[in-house]
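For reference, the structure discussed in these notes is given below.
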Amino acid sequence: LECHQRRGGGATADPAAWLDCGRDRFEKATALSQLMLLLCRQGRFVEARNAAGTAVKLFPESALLWRMLISLSNADPEVIAAARNSCPSDSEIWLAEIATRSQKSEVRGQRSDSGDRRSEEEWFLGEISGAVDSRFFTPAALTRAGEYCFRRGMTRAAALAARDAVPSARGLVPAYILGIKCALLERNREGALDCAKSAVAGSLHPPSLFYR
């Protein structure tokens with residue numbers, strides 16, 4: 001409370017003092033997470049990142065702490081890799097790895113080379129296949145990954161994600177939309193029709209697109 005009232009002034013934002021609040025590594029990591037939030041509120045993002053980095057060392061099993069560190073690290077690939085190793089079943093961290101993979105490729109200029117493009121598509125296909133086999137991730141997570149792959153032109157990976165997400169979507173309309181797009185691309189009229197029917201059933205006010 002004092003840290004908030006004084007806007008982190010003086011020694012109120014000293015990480016050592018916050019660590020002293022905890023009796024074990026879990027409480028210490030929780031205390032640092034609170035400090036991190038207060039520092040972010042003050043726009044002190046470098047200090048917040050350092051606090052988050054210490055927190056994940058104390059409590060590496062916490063996916064939430066890793067997510068905070070990733071956001072404060074500008075989606076640093078090394079941070080994401082460490083987070084994936086510590087929390088392999090967390091969907092948000094997995095999705096962060098999916099998104100940053102293609103961004104790294106664009107920075108290197110790989111997307112202009114057809115060989116590297118094929119290599120990238122194989123990587124995405126392998127990631128989606130591994131996610132499907134692991135059964136770690138929800139239909140919503142697979143839908144988001146599939147939609148991202150579809151927009152990036154990785155259509156085989158997108159179709160694989162859709163095929164797994166749609167049967168267990170249970171009314172998740174975005175999964176059916178992804179299924180429609182992938183089925184149309186594969187000229188699978190029956191599959192697209194089934195997804196459209198499910199999308200209509202799962203929508204409060206179905207758009208006319210689903211009836212075409």
Give the residues of region 181-212 that are open to solvent by less than 30 Å² (accessible area, probe 1.4 Å) and at pLDDT 90 or above, sorted by residue number.
Cys182, Ala183, Gly191, Ala192, Cys195, Ala196, Ala199
Residue in region 72-94 that is least open to solvent (accessible area, probe 1.4 Å), counting only those that are within 13 Å of the chain's Cα centre (by Cα) and among the charged types (D, E, K, R)
Asp90
Enumerate the pairs (first residue in region 124-141 and closer than 14 Å to Ser89 by Cβ; second residue anywhere and of a type in the set (Asp, Glu)) with beta-carbon separation below 6 Å, excluding pairs fewer than 6 apart on the same chain, so at least 6 apart or on different chains.
Val132/Asp164
So the check is Cβ under 9 Å with 6+ separation or different chains; which pairs have a first residue in region 34-56 that's within 16 Å of Ala82 (Cα to Cα) and a second one that's in a helix (DSSP H, G or I) and among the charged types (D, E, K, R)?
Thr54/Lys28; Ala55/Lys28
Across region 84-100, what is the number of residues that are more than 15 Å from Leu142 (Cβ to Cβ) and either free of Cβ contacts under 8 Å to residues at least 24 places away in the same chain or outside any helix (DSSP H, G or I) (or both)?
4
State the number of residues belonging to region 10-20 that are over 17 Å from Val56 (Cα atoms), part of a loop (DSSP other than H, G, I, E, B) and of a type outside the set (Val, Ile, Thr).
4
Can you tell me which residues in region 155-210 are assigned to a helix (DSSP H, G or I) and hydroxyl-bearing (Ser, Thr, Tyr)?
Thr155, Ser168, Tyr176, Ser198, Ser208
Residue selected from region 47-71 under the condition over 13 Å from Leu35 (Cβ atoms), in a helix (DSSP H, G or I) and charged (D, E, K, R), by the criterion most open to solvent (accessible area, probe 1.4 Å):
Lys57
Quick one: is Ala145 of a type outside the set (D, E, K, R), assigned to a helix (DSSP H, G or I), surrounded by 20 or more Cβ atoms within 10 Å (Cβ to Cβ) and touching a residue at least 40 places away in the same chain (Cβ under 8 Å)?
yes
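The values are calculated or read from the model by the stated rules, or taken from the named source; none is laboratory data. Computed from a predicted model, the values in this text were never measured in an experiment. Ideal geometry is used to build each Cβ from the backbone, glycine not excepted, and the neighbour counts take in all protein chains shown. Note: areas computed on protein heavy atoms with side chains; ligands, DNA, RNA excluded. Shrake-Rupley method; radii C 1.70, N 1.55, O 1.52, S 1.80 Å.
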